[in-house]
Structures are given as C-alpha cells and as structure tokens.
Amino acid sequence: MAQWQKGKGWGWIWGAEDEIGALNAITPQTVLEALRLIRHGKTADLGLVVDRSSFRWPGHAATEVMSYRTPSGERAAGDDVPGSNDTRWHSAVVFTCDHIGTHLDGLAHITVGKGADTHWYNGFQEPRFGGDFGVMRAGADKFPPIIARGILLDVAGWKGVEALPSSYAITPDDLRQTLAWENVELRTGDVVLVRTGTGRFWGETGADHEAIHRHDTAGISLESAHWLIEEFGPIVLGSDTTTVEVVPFVESVHAYCLVEQGVPLAELHYLEQLATEKVYEFAYVAMTNKIKGATAGIAMRPVAIY
C-alpha cells in the first residue's frame with residue numbers, strides 16, 4: 001500500500017481513480033487502536049446546531065427548514081386518512097448549503113488552475129467531472145466512516161485566553177508549545193482538531209454573528225498546515241471555525257490540504273467540552289452523508305469518545 005512520507009506528506013499516492021485521499025490510511029488495525037483509547041465511556045458531541053439564524057461564511061447559503069406536510073395543512077386540504085385515531089404527519093423540506101454548520105470539506109471543494117486545467121484532488125478536471133447537479137468525482141459521499149485517534153490542540157487554552165483574536169495566524173511554534181503543554185504526541189493517521197475558542201460563542205444556534213466574527217478568522221497558517229501534514233501525517237485537520245485557516249491569507253491552506261495532499265478539513269467542530277475537561281486524546285467517530293455529488297459532509301454530528 002502507498003505510504004505517507006516524512007517531509008513530503010501524502011500527495012496523490014493512491015492511484016489514478018482514488019477519491020478519498022488520506023482517508024485510505026484508515027484500516028482495521030487503526031480503527032482498533034483508536035477504540036482502545038476509550039477508558040470511561042464518555043462522549044463529547046462535536047456537532048453544532050444550525051438554523052436560519054446561524055453564522056456562516058458569506059459565500060454560503062442560509063439554512064431554511066420549510067414545513068412540507070402538517071396535520072393542520074392536511075386537515076385544511078381535506079385529506080382523509082384511514083383508521084379511527086386520525087393519524088397525521090409532520091415532514092419538512094430542508095434547503096441549505098453543504099458547507100453550513102459542522103461539516104467535513106470534501107476533496108472536490110477546492111479547484112486550482114485555469115481553463116481546461118482547472119482541477120481538484122488527484123487531477124480530476126472541472127470540464128470533465130464538474131456538474132450542475134453535483135461533482136462526479138471525489139464527492140463527500142465517497143468518504144468512509146472515520147474512526148481514528150483524535151487529538152485536540154487547545155491553542156486558546158495554552159495561551160490562557162477565551163479565544164484567539166481576529167486573524168491570528170497559528171504558527172508551528174504555537175502548535176509545538178501546545179503539544180508540550182498538553183503532554184501529547186502526534187502520530188500518523190490522527191484527526192487533529194485545533195481550538196481557537198470561537199466555539200464558545202456559538203450558543204444555541206450561532207445567532208450572535210458579531211461575537212463569532214470577532215474570532216472566527218483565527219486559524220492555522222499555511223506553514224502550520226505544511227508542518228502538521230509533512231511532519232506527522234494526519235488524515236484530517238479541523239478546528240472550531242468556518243475556515244480552519246487564518247483569514248485573510250496569501251496562499252490557501254484549503255488548496256494545499258484538499259488538492260495537493262488529499263486531507264479533508266473538518267470545520268465548525270464544537271471543542272468546548274473537550275477543552276473544559278482537558279481531554280486531548282480520544283477516539284474520533286464521524287460519518288458523512290450519502291448525498292451523491294455533495295462537496296462536503298454536512299449535517300454532521302461527530303463524536304469524541306474517551
């Protein structure tokens with residue numbers, strides 16, 4: 001099997017038809033190793049609740065939940081139902097973007113290049129594999145269940161602040177010192193989640209846009225992304241913000257991680273419980289949706305088990 005290389009990372013090593021990148025490194029052995037980290041049977045819900053009021057990156061559509069069938073609507077329409085107890089239903093239509101709330105960026109989310117050379121991970125070209133009804137290669141529906149060793153890098157906790165300031169670029173040295181403070185080591189195959197503290201302002205549905213926006217632009221620098229992937233080999237990088245990377249940036253962490261390395265980005269993960277309990281190592285469990293052609297795993301509820 002192809003392997004991660006120190007100093008180089010993952011790259012396009014899994015074959016011309018590969019659509020899941022670094023997640024190929026999940027094996028029965030790594031799953032068992034992750035599950036052995038569970039000591040107390042405790043869980044931390046890493047998912048955020050969203051609705052039409054939720055904070056989001058400006059390029060993403062809002063979430064709307066629209067009643068499609070209701071008991072009152074059925075009665076008003078004169079719809080008859082069998083049986084003596086007048087059984088009725090609620091159902092809804094959900095309109096949203098696949099990058100809202102807690103989600104996992106798929107490898108087709110970002111493209112690089114121009115014209116006929118516009119492509120995403122593994123050289124899948126936009127003119128051939130892009131579509132109006134979803135991408136035709138490397139959609140998030142291809143991701144396997146992710147069960148891996150999870151590591152929390154609580155940068156805000158190490159710095160002793162509620163949350164990192166706006167546009168704070170997390171450096172490799174920040175990450176080194178956080179690891180030393182936590183007394184944790186990174187290993188190849190980890191899911192690495194970086195805490196900026198932004199999640200503490202989410203509340204019930206992320207409706208306080210001003211408070212969230214003050215901190216949401218903090219994130220890892222491109223240098224940190226290189227350091228993490230090329231020195232340790234994580235299979236997922238994530239944080240408690242909408243972008244994982246610092247904003248603004250000159251060169252994109254998204255392009256490096258998703259296109260060049262095939263490493264998904266886990267965005268808007270709720271990390272406050274883990275930080276409060278000082279849980280820095282755990283079993284990370286997440287499944288993405290089965291919506292064919294989606295560019296992110298959406299409506300996720302990943303769990304840390306420890």
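The values are calculated or read from the model by the stated rules, or taken from the named source; none is laboratory data. Bear in mind that the values here come from a model prediction, so they are computed numbers and not experimental data. Cβ coordinates were reconstructed from backbone atoms using ideal geometry, including for glycine residues, and neighbour counts include every protein chain displayed.
If you take the residues of segment 277-297 that are in a loop (DSSP other than H, G, I, E, B), at negative phi and in contact with a Phe, Trp or Tyr (Cβ under 7 Å, 6 or more places away or on another chain), which of them is surrounded by the fewest Cβ atoms within 10 Å (Cβ to Cβ)? Outline the logic, then answer.
Kept after step one, since they are in a loop (DSSP other than H, G, I, E, B), are these residues of segment 277-297: 277-280, 287-295.
Still in the running and at negative phi: 277, 279-280, 287-292, 294-295.
Narrowing further to those that are in contact with a Phe, Trp or Tyr (Cβ under 7 Å, 6 or more places away or on another chain): 279, 288.
Working: Val279: 19, Thr288: 25.
Of everything passing the filter in segment 277-297, Val279 is surrounded by the fewest Cβ atoms within 10 Å (Cβ to Cβ).
Return the residue satisfying two criteria in turn: it lies in segment 87-138 and is polar (S, T, N, Q) and touching a residue at least 40 places away in the same chain (Cβ under 8 Å), and of such residues it is surrounded by the most Cβ atoms within 10 Å (Cβ to Cβ). Explain how you work it out, then say what you get.
So the first thing to find is which residues in segment 87-138 are polar (S, T, N, Q), and the list is 87, 91, 96, 102, 111, 118, 122, 125.
From what's left, touching a residue at least 40 places away in the same chain (Cβ under 8 Å): 96, 102, 111, 122.
Values: Thr96: 20, Thr102: 24, Thr111: 19, Asn122: 22.
Only one residue tops the list, namely Thr102.
Looking at segment 134-161 only, could you name the residues that are out of contact with any Asp or Glu (no Cβ under 6 Å at 6 or more places or on another chain), more than 23 Å from Ala304 (Cα to Cα) and either at pLDDT below 95 or aliphatic (A, V, I, L, M) (or both)?
Val135, Met136, Val161
Kindly indicate whether any position in segment 98-115 is over 30 Å from Arg214 (Cα atoms), in contact with a helix residue (DSSP H, G or I) (Cβ under 9 Å, 6 or more places away or on another chain) and either of a type in the set (Val, Ile, Thr) or at pLDDT 90 or above (or both). Step through it out loud before you land on a result.
Looking only at segment 98-115, we keep the residues that are over 30 Å from Arg214 (Cα atoms), and these are 113-115.
From what's left, in contact with a helix residue (DSSP H, G or I) (Cβ under 9 Å, 6 or more places away or on another chain): 113, 115.
Going one step further and asking which of them are either of a type in the set (Val, Ile, Thr) or at pLDDT 90 or above (or both), we end up with 113, 115.
Yes: segment 98-115 contains one or more residues that are over 30 Å from Arg214 (Cα atoms), in contact with a helix residue (DSSP H, G or I) (Cβ under 9 Å, 6 or more places away or on another chain) and either of a type in the set (Val, Ile, Thr) or at pLDDT 90 or above (or both).
Please state which of the following conditions Met66 fails to meet, knowing it meets all the rest: (1) closer than 30 Å to Val244 by Cβ; (2) under 27 Å from the mean Cα position of the chain (by Cα).
Going through (1) closer than 30 Å to Val244 by Cβ; (2) under 27 Å from the mean Cα position of the chain (by Cα) one by one, Met66 breaks only (1).
Going through segment 97-145 one residue at a time, which ones are of a type in the set (Phe, Trp, Tyr) and either part of a helix (DSSP H, G or I) or at positive phi (or both)?
Passing the criteria: Tyr121, Phe129.
State yes or no: is Ala76 under 30 Å from Lys278 (Cα atoms), outside any loop (DSSP other than H, G, I, E, B) and small (Gly, Ala, Ser)?
Details: under 30 Å from Lys278 (Cα atoms): no; outside any loop (DSSP other than H, G, I, E, B): yes; small (Gly, Ala, Ser): yes.
Considered against the rule, which asks whether it is under 30 Å from Lys278 (Cα atoms), outside any loop (DSSP other than H, G, I, E, B) and small (Gly, Ala, Ser), Ala76 comes out as no.
Within segment 28-83, can you find the residues that are surrounded by 14 or more Cβ atoms within 10 Å (Cβ to Cβ), farther than 18 Å from Thr205 by Cβ and of a type in the set (Lys, Arg)?
Within segment 28-83, just Arg69 meets the criteria.
Which of (1) assigned to a helix (DSSP H, G or I); (2) without any contact (Cβ under 8 Å) to a residue 60 or more places away in the chain does Leu274 not meet, given it meets every other one?
Status for Leu274: all satisfied but (2).
Identify the residue in segment 39-63 that is among the β-branched types (Val, Ile, Thr) and part of a loop (DSSP other than H, G, I, E, B) and, among all such residues, is farthest from the chain's Cα centre (by Cα). If you could, list the steps in order and put the result at the bottom.
Here is the first cut: in segment 39-63, the residues among the β-branched types (Val, Ile, Thr) are 43, 49-50, 63.
Adding the requirement that they be part of a loop (DSSP other than H, G, I, E, B) leaves 49-50, 63.
Working: Val49: 14, Val50: 15, Thr63: 18 Å.
Filtering segment 39-63 for residues that are among the β-branched types (Val, Ile, Thr) and part of a loop (DSSP other than H, G, I, E, B), the one farthest from the chain's Cα centre (by Cα) comes out as Thr63.
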